[in-house]
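Below: the structure, in structure tokens.
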Amino acid sequence: KTIGIPKAMLYYTYFPFWYGFFNNLGIEIVLSDNTTKKTISDGASLVVTETCLPIKVFVGHVLNLIEKKVENIFVPSIQSIAPKIYNCSKIRGLPDLIRNVVKGEFNLIEATLDKSEKNNNLIDFLTEIANQFGINDYETIKQAQKAGFVVQNNFNVMVQNGLNFEEALKNAREGKIVIPQKKEDKPISVALVGHGYNIYDKRTCMDIFKKLEDMDVEVYSAYQLTLEQMKGGMN
């Protein structure tokens, strides 16, 4: 049992959860390679010019997984993660887009999560995914969900405490929590505002974190805020 996950779009937000979930179910994860010029050009060749760059990148990563001969590719539709709060249409319609523009020998592993709909719970969403691998036992899926939350929460704690994305992900996958030591204050602090798929993909953001840090700039992103802090900022 193997599943391919494109290193694009919501990978940068939820992959720690998927890592814990699929591993607990005994499903091996195959990731696409890091974004390259070829990734972008391959993806762009299959969609109209007006398509936004993150989607072109995502399509390129799906093609990369097909080149790796991965049979099952994970492309869920995340409609909304909270009542009346909807994702952008590019995220909501990803399965339909891939189904229509990408040709190749692969199975699209998809499911829809819409917290704005009644009786559309996370466990139902996860069950729909697990069922496609012949896994139907509720307790097994529930346990895998818990394992996913452990990895995701550990990752979040490290990022919120200033550890960079790569190190936080590596430690979370190894079941570790590493809190970096407090560094000396730098003369300039900058808030880097953007989605994870824009600021953490080194190719698409042109490694902006490193460039700013080399200029002795302290960089902060919204991913270093807790949910409570973000909600407080909206009040």
Sparse-neighbour loop sites [GluC sites (Glu not before Pro); segment 138-235; at most 11 other C-beta within 10 Å; DSSP]: GLU174, GLU184
Summed side-chain charge close to ASN64 - residues other than ASN64 whose Cβ falls under 14 Å, Lys, Arg +1, Asp, Glu -1: +3
Volume per residue that the Cα convex hull of segment 177-235 spans, once the total is divided by residue count, Å³: 123
Total formal charge among the other residues, if their Cβ is under 10 angstrom from that of GLY20, Lys/Arg +1 and Asp/Glu -1: +2
Solvent exposure, largest accessible area first (probe 1.4 Å, DNA, RNA and ligands not counted), of CYS52, CYS205: CYS52, CYS205
Of every Cα-Cα pair in segment 96-235, the percent that sits beyond 25 Å: 49
Portion, in percent, of the accessible area of segment 195-235 that falls on carbon or sulfur, probe 1.4 Å: 58
Vicinal HN-Hα couplings computed from phi for segment 134-141 (Karplus, 6.51 cos²θ - 1.76 cosθ + 1.60; Hz; Gly/Pro x): x, 9, 10, 6, 4, 5, 5, 5
Area accessible to solvent at ILE85, 1.4 Å probe radius, in Å²: 100
D_trans [Stokes-Einstein, Kirkwood Rh over alpha-carbon pairs] for segment 1-102, 25 °C, 0.890 mPa s, µm² s⁻¹: 174
Spatially proximal lysines relative to LYS69 (Cα-Cα < 29 Å; intrachain offsets below 8 disregarded): LYS1, LYS7, LYS37, LYS38, LYS56, LYS90, LYS103, LYS170, LYS202
Among GLY93, GLY43, GLY134: highest mean-square fluctuation, GNM of the chain, C-alpha pairs under 10 Å: GLY134
Pair LYS210, GLU50: separation of 7 Å Cα→Cβ label points (nm): 3.6
Heavy-atom accessible surface of segment 28-107: percent carbon and sulfur, 1.4 Å: 53
Relative contact order (%) - criterion: Cα under 8 Å, at least six apart; region: segment 1-103: 31
q = 0.15 Å⁻¹: log10 I(q)/I(0) that the Debye formula gives for segment 84-146, counting C-alpha atoms only: -0.60
Qualifying trypsin sites (Lys or Arg not before Pro) in segment 45-97, DSSP loop, other Cβ atoms within 10 Å at most 15: LYS68, LYS69, LYS84
Under the Debye formula (equal points on every Cα, no solvent term), log10 I(q)/I(0) of the chain at q = 0.11, 0.15, 0.17 Å⁻¹: -0.61, -1.15, -1.45
Loop GluC sites (Glu not before Pro), segment 1-107, which have at most 16 other Cβ atoms in a 10 Å radius of their Cβ (DSSP): GLU50, GLU71, GLU105
Taking segment 156-204 and dividing mean pair separation by its residue count, relative contact order in percent (alpha carbons under 8 Å, at least six apart): 30
Over segment 81-158, relative contact order from alpha-carbon pairs under 8 Å, at least 6 apart, %: 25
Amide proton proximity set for ASN72, modelled H, under 5 Å, gap of 5+: GLY4, ASN107
Surface accessible to a 1.4 Å probe, per residue, for the residues of segment 26-175, Å²: 52
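The values are calculated or read from the model by the stated rules, or taken from the named source; none is laboratory data. From a predicted model like this one, the values you see are computed outputs, not experimental measurements. Here the Cβ is made from the backbone with ideal geometry for all residues, glycine too, and neighbour counts use every protein chain on show. Note: areas computed on protein heavy atoms with side chains; ligands, DNA, RNA excluded. Shrake-Rupley method; radii C 1.70, N 1.55, O 1.52, S 1.80 Å.
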